[in-house]
Amino acid sequence: MGRLFWKFFLFFFLAQLTTALGVSAFVLFNVTNQTPSIDQSPISQALIDAAQSTLQLGGIPATKQLLEGWESQRLGHRVYVVDRNAQDLLHRKVDPAWLNVARDSIKSGVQDSVAHVTLANQQSYLMFVVSSRPARPRAGPPPPGPELERSFNLKRFERSNALFKIIAKFPIKGLLIGTLASALFAAILAWYFSKPINTLRLAFERAASGDLNTSVADKMGARKDELSDLGRHFDHMASRLSALLQGQTRLLHHVSHELRSPLARMHMALGLAMQTPEKAESSLARIELEATRMDKMIGELLELSRFESGMVELKKEPFILNELLDMIVEDAAFEASHKRIRIAPNAPQTMPISGQQDLMHRAIENVVRNAVKYAPDDSIVNIDCKLAAAGKLMEMTITDQGSGVLDTELEDIFKPFVRGHSGSQVVGHGVGLAITKQVVEAHGGKVWATNLKPHGFSITITLPV
């Protein structure tokens, strides 16, 4: 069960607990503070008169028989005849509070619902009536005594007042307090959960309209539940979508710009072949060259777009950088031989690193081939490798003896389709170093460029060992 469940549970539990406590406290207060009273209705007076006459004329046995008969009839009123020792004739439990109220009534001269009888043998008895829940009497012979018939005439009136008595005793105040508390907790609960949900709804509406620069997590405050997690996931989704859309826009812009020149050259070669058939072979060779360049550029653009959009998942594995460097130098040596350039690797010790080997091959090869392209003829391209930061980083520096770039372009050359204004007429698309930067940073490393004095240019790559 998640954190959101426990918050719902806690709020509802507090609401119900407050309601129960409010009602219970009200009932308990009224019960503990209620003054016990003897029933003083006309039916109670009739019962007292009948019991008093029976006790004076028939004695204890007749009175017991009368009380037992009334008990069996379930009249709704219970007559108690108590001796000096507070013992009831039928040995029923007698609340001391009833006795106190009955004795106070005798002392104050109010004897409508109580009676004090003293027999010839000097035994005295206290009589009073306590009302119980009205019950329908069983079928049978009517109770003895003509006075008791008055009680049945009052039954209808008492039953009609039963509903009003129940309503009057109902804990309205306690229920009102509990209801208000429940409404308060429910309002807090509704606000607590509806506010972030409404924020998410508005954010989704803005995202649907094209605005992906909205942030939800900042508006969640200090929440630590599923809704705040949802807000953070929404921000991550929006940023990824924004990066994808921006990457696609940039890709479309650069592709349209870079394809324009080779397409124009292909169109010129095709027109030349149509006008001068004897030059058709050279024109077709030119068309083939431009098509190859376009295919290579499109491949590089697609790879760069994948990196920029974050769609590349690295599959790291340990490998020896020295072996990878030897393969790169061997491949680049063929291109360097046409300009009589020597590539001089310098890796004095074994350097094990972790990463995706094919991507690292592509990143380092782009820098080496870039150095060979811009280096002058009959020069040297140095590749120096060493451990730095107490052996935690591998540092590789590729240096050529070219003219370098402007100081203001040292960072821009790692952006797509940016080429330094070095005066060289080297053919390229300006995508290779951008791919290198994306690969190195994806592996947790850094790459930067430096102009050397009096001449020369270097690119440094650092990777965690």
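The values are calculated or read from the model by the stated rules, or taken from the named source; none is laboratory data. All figures in this text were calculated on a predicted structure; none of them were measured in a lab. Don't worry about glycine lacking a Cβ; one is built from the backbone with ideal geometry, like all the others, and counts go over all protein chains shown. Keep in mind that these areas ignore ligands, DNA and RNA; they rest on the heavy atoms of the full protein, side chains included. Shrake-Rupley method; radii C 1.70, N 1.55, O 1.52, S 1.80 Å.
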Considering Arg260, Arg223, Arg250, which residue is part of a helix (DSSP H, G or I) and surrounded by 14 or more Cβ atoms within 10 Å (Cβ to Cβ)?
Arg250
Just one listed residue, out of Pro352, Pro318, is of a type outside the set (Asp, Glu), in contact (Cβ under 8 Å) with a residue 40 or more places away in the chain and either open to solvent by 60 Å² or more (accessible area, probe 1.4 Å) or in contact with a Leu (Cβ under 8 Å, 6 or more places away or on another chain) (or both), and it is Pro352
Qualifying residues in segment 74-89 (those that are touching a residue at least 40 places away in the same chain (Cβ under 8 Å) and part of a loop (DSSP other than H, G, I, E, B)) - the one most open to solvent (accessible area, probe 1.4 Å)
Arg84
Residues of segment 172-204 classified as within 20 Å of the chain's Cα centre (by Cα) and charged (D, E, K, R), total:
2
When you scan segment 188-203, how many residues do you find that are free of Cβ contacts under 8 Å to residues at least 60 places away in the same chain, open to solvent by 60 Å² or more (accessible area, probe 1.4 Å) and aliphatic (A, V, I, L, M)?
2
Exactly one condition in (1) of a type outside the set (Gly, Ala, Ser); (2) under 45 Å from the mean Cα position of the chain (by Cα); (3) more than 21 Å from Thr462 (Cβ to Cβ); (4) open to solvent by 80 Å² or more (accessible area, probe 1.4 Å) is false for Arg340; which is it?
(2)
Does segment 309-317 include one or more residues that are closer than 23 Å to Val431 by Cα, in a loop (DSSP other than H, G, I, E, B) and hydroxyl-bearing (Ser, Thr, Tyr)?
yes
Under 7 Å between Cβ atoms, at least 6 apart or on separate chains: pull out the pairs that start in segment 412-431 with a residue that is of a type in the set (D, E, K, R) and part of a loop (DSSP other than H, G, I, E, B) and end on any residue that is open to solvent by less than 40 Å² (accessible area, probe 1.4 Å) and modelled with pLDDT under 60.
Arg419/Gly428
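Table: residues versus (1) open to solvent by less than 50 Å² (accessible area, probe 1.4 Å); (2) more than 21 Å from Gln40 (Cα to Cα); (3) not β-branched (Val, Ile, Thr).
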| position | (1), (2), (3) |
| --- | --- |
| Leu67 | yes, no, yes |
| His91 | no, yes, yes |
| Val94 | yes, no, no |
| Ser105 | yes, no, yes |
| Val129 | yes, no, no |
Qualifying position, being touching an Asp or Glu at 6+ places or on another chain (Cβ under 8 Å) and surrounded by 14 or more Cβ atoms within 10 Å (Cβ to Cβ), among Ala280, Ala269:
Ala269
For segment 437-465, give me each residue that is within 20 Å of Val372 (Cα to Cα), open to solvent by 50 Å² or more (accessible area, probe 1.4 Å) and part of a loop (DSSP other than H, G, I, E, B).
Leu452, Lys453, Pro454, His455
